[in-house]
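The values are calculated or read from the model by the stated rules, or taken from the named source; none is laboratory data. Since we're looking at a predicted model, the values are computed, not measured. Here the Cβ positions follow ideal geometry from the backbone for every residue, glycine too, while neighbour counts run over all protein chains shown. Side chains are part of the model used for accessible areas, which takes the heavy atoms of the whole protein and leaves out ligands, DNA and RNA. Shrake-Rupley method; radii C 1.70, N 1.55, O 1.52, S 1.80 Å.
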Amino acid sequence: MILRSTTATFKLLLAFSLLWNLAQAHRVDLPASKKECFFEDLHANDKMTVTFQTGGSGNLDIDFWLKDPLGGTITKHDRQSTGSATITADKDGRYVYCFSNEMSTVSDKEVSFNVHGVIYVADEGVVAPIEREIRNLAIGLQSVKDEQEYIVVRERTHRNTAESTNDRVKWWSIAQTILLFAVCGWQIYYLQTSGSGYCPFHADHATTGAKHGWQL
């Protein structure tokens with residue numbers, strides 16, 4: 001009885017460590033009209049969650065789908081800037097998930113995504129309350145960790161977007177200032193050159209003097 005309890009506890013701790021090892025953060029560049037696919041080998045009743053956030057240029061949207069080992073589509077997101085998909089494997093095999101930027105012909109995208117899962121451990125007879133609590137605690141801690149990683153990804157994406165917008169505003173303001181000075185300079189030059197060789201007052205008096213024999 002003690003041996004069985006020790007074995008169950010060892011498996012539970014092993015699952016706890018593997019649960020943390022399955023959590024991975026990635027980032028991939030998606031050129032226009034391209035897609036990237038990844039896979040995870042799962043066993044029946046294993047759980048896997050994929051969360052993603054899109055950055056870069058354009059509308060910040062991509063297509064995402066996840067397929068089972070037989071090629072059937074489990075879930076799909078069309079033109080989403082952020083999303084999450086959670087599955088429980090119903091069979092052993094390779095589960096494939098893809099990020100697609102094929103709808104865009106100009107804009108490149110950047111996708112940050114997290115992949116995490118829980119390895120299923122079968123109960124051997126009656127599960128001790130402490131073992132059940134440890135298992136629930138592991139799942140709860142992983143959920144908190146996943147949420148923190150997701151917040152970090154969103155913050156980084158929004159910060160990059162804000163910095164890019166600030167740079168564009170700065171360079172546009174500089175361009176406007178240069179254009180304003182250029183237009184003002186051109187107007188001053190035009191007024192000086194167009195008004196220096198002709199004086200309507202002098203011309204009128206010259207015409208009148210010629211008629212009356214005056215000399216100016």
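The set of residues in the stretch 88-107 that are within 25 Å of I151 (Cβ to Cβ) and either outside any strand (DSSP E or B) or touching a Ser or Thr at 6+ places or on another chain (Cβ under 8 Å) (or both) contains only N101. When each of H26, H77 is tested for being modelled with pLDDT of 90 or more, closer than 26 Å to R159 by Cα, assigned to a strand (DSSP E or B) and of a type outside the set (A, V, I, L, M, F, W, C), the lone residue that passes is H77.
Taken over the stretch 111-131, the residue count meeting the criterion of being farther than 30 Å from K35 by Cα and either open to solvent by less than 70 Å² (accessible area, probe 1.4 Å) or modelled with pLDDT of 75 or more (or both) is 8. Here Q192 passes the criteria (1) at pLDDT 85 or above; (2) surrounded by 10 or more Cβ atoms within 10 Å (Cβ to Cβ) except the one numbered (2).
Would you mind finding the one in D41, D68 that is open to solvent by 40 Å² or more (accessible area, probe 1.4 Å), within 19 Å of H116 (Cβ to Cβ) and not β-branched (V, I, T)?
D41
If you check T54, T82, T49 for being out of contact with any Lys or Arg (no Cβ under 8 Å at 6 or more places or on another chain) and not small (G, A, S), only one passes: T49.
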